[in-house]
Structures are given as C-alpha cells and as structure tokens.
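S.K.: Here it is: the structure, laid out below.
The values are calculated or read from the model by the stated rules, or taken from the named source; none is laboratory data. As the structure is a computational prediction, the values presented were derived from the model and not from experiment. FYI the Cβ positions are ideal-geometry reconstructions off the backbone, even for glycines, and counts take in every protein chain you see. Just so you know, the surface numbers come from the protein's heavy atoms only, side chains and all, with ligands and any DNA or RNA stripped out. Shrake-Rupley method; radii C 1.70, N 1.55, O 1.52, S 1.80 Å.
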Amino acid sequence: MAVSVFAVLASCGNNQSESDGTVPDQYADFERVPLSSKIENVQPMTGIVLWTSLANPVLKKDLQLEYTYMGYDDICKEKDVFDWTPLDEVLDAVAGRGNQLIVRFHYTYVGQETTTPDYIKAMPDYEETVGLSEGRETHFPDWRCEELQRFHKEFYKRFAERYDKDPRLAFLQTGFGLWGEYHIYDGPFELGRTFPSKEFQTEFFQGMETWFDDTTWSISIDAADDTYAPFRKNTSLLDLRFGNFDDSFMCEDHDGYNRQSWKFFGEERYMTAPFGGEFSYYTDEDQEHALDPEGMHGMVFEDEVAYYHMTYIIGNDQPSYQTPDRIIEASMSMGYKFAVKDFRINDGKAAILIANTGAAPIYRDAYVALEGALGDYNLRNLMPGEEKWVEVTSSGITSSSVPEIVCDHLVEGQKIEYEADVR
C-alpha cells in the first residue's frame, strides 16, 4: 500500500493556524481576524471524470470534469480547413453543466476506420494498414505520408491558437497508437508506418512546447517504452513541460510496470503539469472495486492519489458500482486543496497564511483576493505540503472582509473553496 505524507496532511482536518509566535515581523502588529470556511464540494479541475456521452447526468452536477474522445476528421476533412464546431458544441454543453472538459484526439480505435482527414486518405502515396486488434478489423494510419505529419503538427498549432486560454478546457491528452495511448499491443505495429517515427515524434513534442503557453498537455506513461517513443534515447525531451496519464491505474501489478514508467518520466513532473489517467479495465473486478473504501490489490485509492499526486481519474463506470457520496468523497481527495491558516489585517493591508494540503498544485493562475485586490503570490506555485504568507493591499480591507480565491480559468458556477478555522 502506498503511503505519503500528503495523505497525512490532507487528513488533519483542523486548519487553525499553528503559526503563533512565528508570524513574520512585518505582520506582528496586524490584527488577527477570525475566519471560518469549509471545502464542501469537488474543486474545479480535479476529481473523478465522467464521459460526456455516457456519464450519469445527476452525478455530473456534483463533479467538475468530463471527458471525450474525438477524431481528427471531426475537425478537418479538407486541407487547411478546420471547423472546430463539433468541439465547441461539446465544450459549450460541458460548461453549461458547470464543468470543464478533458479531450483526447485519436487516429486509431479498435474495430474502426482511422480518423485521418479525407483529403489525406485520397492521396496516392497514402496507404493505410488494416489488421486485427483485439479480434476486430482495425485501420492504422500511414505515418510515412509527409502530409499526415504536416497536418498533425498544424492541427495542434491551430488548436493552441484557439483554445490555449479557453476556460471550458481543463486538460488536453495526446498520443499515438490505439486510442492515442502510446501502444499497439495487439495489431500490426511498424515504427514509421503504423506508428510515427521517433524523429517525427521529437519534432511534434518540441512544437507542443512552443505552441501552448497555458494549457497543460499530457501523454501516456506507455511512452516510457523505447519501442514506441524517443524519450529514452533523447532524454532532453524530458525537460519539456508535459504531464502523464495512466490508463490502467490501480491494476493488480501497478507497482511493477506502471510504477517504473511513472518514475521514468520523473516523480516531480506533477509540479508543473497534471498527473491523471483512468481506472484499469484489465478485469471487471478492477472497475468494480477501485473505489472500495478498504481498497483492492493491496491499494487504497486515496493513498495512491497522494503517492502519485493525482489530479484526475476517468471513472465513467463508477456510478454502476459506488454511491454518489463515495465518488464525491474520492474526488475530493484529488488535486489541490487550499487552507487558510492565519488571517491578519492592518491599515488597508492583509496578510494571509495559505497552505496547500492536497495531493497536487493547481495548474492555472490563481490568487487570494480581498475587496477586488489580488494577492502578491500565484497559488499555481504552491506545492503540496507548502504554505505561504500572501499580502493583499486595498483601501477597502476591514475586519469584515472575507478572502476568496480567484482564477480566470473557471466556467460559470465554479468556485475554488478553502478550509479555515482561524480564531
């Protein structure tokens, strides 16, 4: 069973300031103001994720994230003609429920044709491979095609131009192979043909680093496998700012292959980009018992969340096995969790001691605010287990002022809460 100091921090419960006697000198003569607050809901950009198309409509109201696959040909069918309407419609529907979207585009889906744009499929030098995967006829794109390579980079460049700052979008996943999960474990794998060459992958990842400023993109931990990806031979790529996702989270042998793959990409990567994934589908039991309070396979979900600094997990089947209360409880163990441990004011100035008692940071800019003024510290930089004195200056600050946490990357109805028991 994985145990982490962050799990201990998150379970403390009492956030009354313990900083008496250690208040910075510049705040020593400030008046301490009582403050009481509780986190009562799943926090934005965190928690269990339900599919947009299949998810429980009632539970959606209590969660914060939804997920969808999309095909590249949903957006583009003619060269350099990109119609983002299908994605915008999904984003609008999700935001209308007060949630945010995680999206992954794929070319290859077991039992289906590829989503390569029609104009590329019609080119004389483009030849797809058709083979069996999981016993079903499956089509694989032809990565020898230079136009497919050009299109793929252009697609994400245009995606970034349009959605990089869009609050409807929480996170972006990307990848190649089956479902974009960085493998062809069953089917005709040929590097450079049914799977892109490592040289092209390198160009693509370097492009992603320049195209996206705010959106954190993630790739599967299966990209740790040298069979598919360039990271082991070109370790400089590990310096790029990307997150990871694990599509067999909490499987029986998770401490083996999965753990080694996580470690390869760096255990501190969560500091700049999110860790997420999906509950294992290796067996029906994995889905049925993943959120059992007593755990399964020697693992308890909340302990694994803390150990891996998880921000989200796709768990669309969980409403079939767990109560809404349990799903919400599990969601609230994920991602960031803010606690105000001290609150002091003096002559139009406030000093607030804020901690992150969660499993991960928040991955968008966020600030403590009072009377319309922002604090002098970006909470994006507050790591789990850390605390920071934040100063806010405004002539309107009084003993009745109540701090809030503001973030531009929220949709209507979302609010970042915090714990406080300052007396």
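S.K.: Extending each Cα 7 Å along its Cβ direction at residue 112 and residue 38, get the distance between those two points in nm, one decimal.
M.R.: 4.3 nm
S.K.: Restricting to Cα atoms and excluding each atom paired with itself, what does the Kirkwood estimate give for the stretch 23-113 in Å? Walk me through the intermediate numbers first.
M.R.: Numbers: mean 1/r = 0.0600 Å⁻¹.
That comes to 16.7 Å for the stretch 23-113.
S.K.: Related question: At a temperature of 37 °C and a viscosity of 0.692 mPa s, determine how fast the chain diffuses translationally according to Stokes-Einstein, using the Kirkwood radius over alpha-carbon pairs as Rh; express D in µm²/s, rounded to the nearest whole number. Before the final figure, lay out the partial values.
M.R.: Numbers: Rh = 22.8 Å.
Estimated via Stokes-Einstein, D reaches 144 µm²/s.
S.K.: Between residue 253 and residue 408, how many nm apart are label points set 7 Å from Cα along the C-beta direction?
M.R.: 4.7 nm
S.K.: Could you calculate, for the stretch 153-221, the ratio of the Cα radius of gyration to the Kirkwood radius, expressed as Rg to Rh?
M.R.: Values: Rg = 13.2 Å, Rh = 13.1 Å.
Rg/Rh: 1.01.
S.K.: Compactness ratio of the stretch 124-269: Cα Rg over 2.2 N^0.38 Å, N = residue count?
M.R.: Details: Rg = 15.7 Å, N = 146, 2.2 N^0.38 = 14.6 Å.
The stretch 124-269 yields a ratio of 1.08.
S.K.: Then there's this: Please list, by residue number, everything in the stretch 81-103 whose backbone N is under 15 Å from a paramagnetic label point 7 Å out along Cα→Cβ of residue 415.
M.R.: Output list for this probe position: 98.
S.K.: Counting only the backbone N, which residues of the stretch 271-313 are under 16 Å from the spot 7 Å out from the Cα of residue 378 toward its beta-carbon?
M.R.: Backbone N within reach: 271-274.
S.K.: Listed highest first by mean packing, meaning other Cβ atoms within 10 Å per residue, what order do 211-222, 167-178, 152-163 come in? Let's see the in-between values first.
M.R.: On the way: 211-222: 20.6, 167-178: 23.7, 152-163: 17.4.
My ranking of the peptides, most packed first, is 167-178, 211-222, 152-163.
S.K.: Between residue 54 and residue 323, 0.36 nm times their residue separation minus their Cα-Cα distance comes to what? All intermediate terms of the calculation are to be shown ahead of the outcome.
M.R.: Numbers: separation 269, 0.36 × 269 = 96.84 nm, distance 1.70 nm.
Length difference between fully extended and current span is 95.1 nm.
S.K.: Relative contact order (percent) for the stretch 75-139, with alpha-carbon contacts under 8 angstrom and 6 or more residues of separation?
M.R.: Values: 58 pairs, mean separation 18.8, N = 65.
Rounded, it is 29 percent for the stretch 75-139.
S.K.: Show the residues, 5+ positions off or on another chain, whose built amide H is closer than 5 Å to the amide H of residue 217.
M.R.: Correct list: 243.
S.K.: Report the Rg/Rh value for the stretch 279-423, based on alpha-carbon coordinates and the Kirkwood definition of Rh. Each step should come with its number before you reach the end.
M.R.: Values: Rg = 18.4 Å, Rh = 17.1 Å.
Taking Rg over the Kirkwood Rh, I get 1.08.
S.K.: Provide the solvent-accessible area of residue 150, counting protein heavy atoms only and rolling a 1.4 Å probe, rounded to the nearest 10 Å².
M.R.: 80 Å²
S.K.: When the chain is modelled as a GNM with alpha-carbon springs shorter than 10 Å, which of 341, 60, 349 fluctuates the most?
M.R.: 349
S.K.: Determine the order of 227, 116 by accessible area, beginning with the largest, at a probe radius of 1.4 Å.
M.R.: Numbers: 227 70, 116 0 Å².
Listed by decreasing accessible area, they come as 227, 116.
S.K.: Multiplying the sequence separation of residue 386 and residue 399 by 0.36 nm and subtracting their Cα-Cα distance, what value in nm do you get? Write out the running numbers ahead of the final one.
M.R.: On the way: separation 13, 0.36 × 13 = 4.68 nm, distance 2.62 nm.
In short, 2.1 nm is gained.
S.K.: Given axes a ≥ b ≥ c from the Cα gyration tensor, I'd like to know whether the stretch 232-359 is rounded (a/c under 1.5), prolate (a/b larger than b/c) or oblate. Before the final figure, lay out each step's value.
M.R.: Numbers: a/c = 2.89, a/b = 1.33, b/c = 2.17.
In terms of gyration-tensor shape, oblate.
S.K.: Which is farthest toward the positive dipole end of the stretch 70-148 among 140, 115, 103, measuring Cα position about the Cα centre, with Cβ charges +1 (Lys, Arg) and -1 (Asp, Glu)?
M.R.: Checked the options; the winner is 103.
S.K.: Let me ask you something else. Got a number for the accessible area of residue 38? Probe 1.4 Å, square angstrom, nearest 10.
M.R.: Ignoring ligands and nucleic acids, residue 38 comes out at about 140 Å².
S.K.: Return a whole-number percent for the relative contact order of the chain, with Cα pairs under 8 Å and 6 or more residues apart as the contact set.
M.R.: Working: 921 pairs, mean separation 91.6, N = 423.
Taking the mean separation of contacting Cα pairs over the length of the chain, I get 22 percent.
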